[in-house]
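First up is the structure itself, then whatever we jot down about it.
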Amino acid sequence: MDSLIIVTLALFSLTAPAYGDKGTSKARSCSDIRQFYSGKGFSRDGVPQSEISGEHLRICPQGYTCCTSDMEDSLALLSRKEMEGLLKDAGRSVQTSLSKQYKAFDGYFQELLNRSDISLQETFPSTFGPIYSQNSQVFSDLYAELRRYYRGYKVNLEEVLNDFWAKLLEKLFYQANKQHFIGEDYLECVSKQIETLRPFGDTPRVMNMMVTHTFVAARSFVQGLMVSGEVVRKVSQVQLSQECMRSMMRMTYCPHCRGMASARPCANYCSNVMKGCLANQADLNTEWRHLAETMMGVADRFGGPTGVDSGVLSLPNRISEAMLTMINNIETINNKVRAHTHIHSCIKLSKQCKLNCKMQVCNIKNTLLKKLHFLILPQVSDTKARLRELQSYWISLPDVLCSDRIATGTGAEEKCWNGMNRARYLPEVIGSGLASQINNPEVEIDITKPDIVIRQQIMQLKIMTHRLKNALNGQDVDFQDTSDDVSGSGSGTCSDSTCSRNINPVSPSNIPPLHNPYPPENKKVKGAANQDLPSITVYLLLLLTLLLRR
């Protein structure tokens, strides 16, 4: 009788299901994750048909699961690629906005320069006659050099302006005394005495100061927009760390492995993960805000009677005033030169010509100001508003990226995914920046090893801010080498070909195994009896043989 009972129990143990962590006689199907996994571009060949023990998992909780080690590795890499794609998309949006502001202001300033140049070409021939037509190259060279300076070339603005006045003095002096033979050496000698002669009165000093403030401010402003765009582009391409990848996997795809596909992350849980992943990026915040604030300060200088528009459009009028001053005082100038020469004649212009010159240039100036003044205010206002919005970009990025993925609604805090299960997330939200991550419970970061690329961009922001502050004081600065690939003609954005997302499909065959700094403990998991079935079967068969022999 005893032998029969033992045999019956032995046979029952051989035929009984090997599952049952929840008191059920049947494991849950993995059909949902099989469909989900293949939808992500992976082969479903290695996906279990039903739940298996999760002792092999190195990122997700080690309960019953539908994910194998290969699946976990594949989804971890995918989570990082998707996160990096989101960062690039967010950065591309900021780049597009900065590029739009750049193009708007650049177009406006170029239009100012063109209209100022055209107004001079249209008014000076009828006003100054051969004095202008025979020396027009002097004026066109001035505008050409001003354009080059604005575009970011290595142009010394002070030298350009001084050279213009010296050449203009030479040309006018020659015209005034062309009946005499005057050599180039003599004219050069006369031009070197410009400080003593003061042929143009105080106009060169006033115009030089106006041009310097206007062009330094304009060039620094567009350069600031370009550098900002470049910083965003480079930082958005920084690869996320292995620790971040593990945390993103645990938050994003571990619920699927646990059969909780509908579970969404707890709000504070997501914040800690994102702040850990973007700790280095958050350290840009201080210098990024300084740059934005300084650019807004420069933009404030663009309006008013001494702003960019009046500064550029008044160039013909200033030059005309200077020329008239010399024409009116040519006899005095000749007398000063007479001590060293035998020149006794000078050019004569009628008073009517002088009056026409003043009236024509002044009327053109006023007309241009009326036509273009309405353009600067909305453009600068829009740019300032956008800069103000972007001031907190780097520290608000974690919240932005979490906004579309966290659990919401009534009772969400109690039923959200906390990294282990559906339950409330207890840890507090940590601060922003690398130094704060020492207490981050979700992402392990070595705070002594900041990202080199991001540190380089922080330095670029500091350099640009320093130069903008110089521009506020009207100090000419050299903008070359602001960044290793920023040029005077760029806009801080990249082309479609370089900005396009190039995410290769992830295949389980080319995924390297992940290093796990915290290997799982050697614990027995209920429901894993199927893995030990062969050894149990042999033991029971031997026992049955011995009993039957008795």
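Between Met209 and Ala412, how high is the FRET efficiency from 1/(1 + (r/R0)^6) when r is the Cβ-Cβ distance and R₀ = 51 Å? Nearest 0.05. Let's see the in-between values first.
On the way: r = 62 Å, r/R0 = 1.22.
Once rounded, the FRET efficiency stands at 0.25.
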- Under the Karplus curve 6.51 cos²θ - 1.76 cosθ + 1.60, θ = phi - 60°, whole-Hz ³J(HN,Hα) for the range 275-280, x wherever Gly or Pro sits: 5, x, 5, 10, 4, 5
- Item | Accessible area (Å², 1.4 Å probe, nearest 10) - Ile447 | 60
- Tell me, what ³J(HN,Hα) does each residue in the range 428-445 have, in order and in whole Hz, if you take phi through Karplus 6.51 cos²θ - 1.76 cosθ + 1.60 with θ = phi - 60° and put x for Gly and Pro? 7, 6, 7, x, 9, x, 5, 4, 6, 7, 4, 10, 6, x, 10, 10, 8, 10
- Length gained when the stretch Glu331-Gln239 is fully extended (0.36 nm per residue, less Cα-Cα span): 25.8 nm
- Task: May I ask which of Lys88/Lys154; Lys275/Lys415; Lys103/Lys234; Lys81/Lys103 have a Cα-Cα span longer than 25 Å here?
- Result: Lys88/Lys154; Lys81/Lys103
- Which parts of the range 197-240 would a label at Gln456 reach, counting a residue when its backbone N lies under 18 Å from a point 7 Å out along Cα-to-Cβ? 227-240
- Message: If amide hydrogens are placed 1.01 Å from N in the peptide plane, which non-local residues have theirs closer than 5 Å to the one on Cys416?
- Response: Ala423
- Task: Measure off 7 Å from each Cα along the Cα-to-Cβ vector at Glu158 and Asn473, then give the distance between these two points in nanometres to one decimal.
- Result: 1.3
- Message: Tell me the per residue accessible area of the range 57-180 using a 1.4 Å probe; a whole number in Å² is fine.
- Response: 38
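Determine the gain in length on full extension of the stretch Asp89-Glu111; use 0.36 nm per residue of separation and subtract their C-alpha separation, reporting nm with one decimal.
Values: separation 22, 0.36 × 22 = 7.92 nm, distance 3.26 nm.
4.7 nm is the gain from fully extending Asp89 to Glu111.
Considering only the other residues whose Cβ falls under 10 Å of the Cβ of Val160, what net charge follows from Lys and Arg at +1 and Asp and Glu at -1?
On the way: positive: Arg148; negative: Asp141, Glu145, Glu158, Glu159, Asp163.
That sum, taken over residues with Cβ under 10 Å, equals -4.
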- Item | the range 163-168 - phi-based ³J(HN,Hα) in whole Hz, Karplus 6.51/-1.76/1.60, Gly and Pro as x | 5, 4, 5, 5, 5, 5
- Please list Ser220, Ser133, Ser140 in order of solvent-accessible area, largest first, computed with a 1.4 Å probe with all protein chains present. Ser133, Ser140, Ser220
- How high is the FRET efficiency between Ser38 and Ile447 when r is their beta carbon distance and R₀ equals 35 Å, given to the nearest 0.05? 0.30
- Message: Amide H of Asp283 versus every other amide H placed in the peptide plane: which residues, excluding those fewer than 5 positions away on the same chain, fall under 5 Å?
- Response: Leu434
- For Thr68, tell me the accessible area in Å² from a 1.4 Å probe, rounded to the nearest 10. 30
- Can you put Val273, Val160 in order of accessible area, largest first, using a 1.4 Å probe? Val160, Val273
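Ignoring ligands, DNA and RNA, what percent of the accessible area of the range 233-330 is carbon or sulfur (1.4 Å)? Kindly include the intermediate steps, with their values, before the conclusion.
Numbers: 1160 of 2860 Å².
It is 41 percent, rounded to a whole number.
Normalised by the number of residues in the range 51-161, what is the relative contact order in percent for Cα pairs under 8 Å and 6+ residues apart?
Details: 44 pairs, mean separation 12.5, N = 111.
Contact order relative to length: 11 percent.
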- Query: In the range 241-290, which chymotrypsin sites (Phe, Trp or Tyr not before Pro) fall in coil by DSSP and have 14 or fewer other Cβ atoms within 10 Å?
  - Reply: none
- Between the alpha carbon centres of the range 104-157 and the range 52-73 the gap in Å comes to 71
- Net length gained if the chain between Ala423 and Ser69 were fully extended (0.36 nm per residue, minus Cα distance): 124.9 nm
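The values are calculated or read from the model by the stated rules, or taken from the named source; none is laboratory data. The structure displayed is predicted, hence computed values, not measured ones. Heads up, the Cβs are rebuilt from the backbone with ideal geometry, glycines too, and the neighbour counts pull from every protein chain shown. Ligands, DNA and RNA are excluded from the accessible area calculation, which covers all protein heavy atoms including side chains. Shrake-Rupley method; radii C 1.70, N 1.55, O 1.52, S 1.80 Å.
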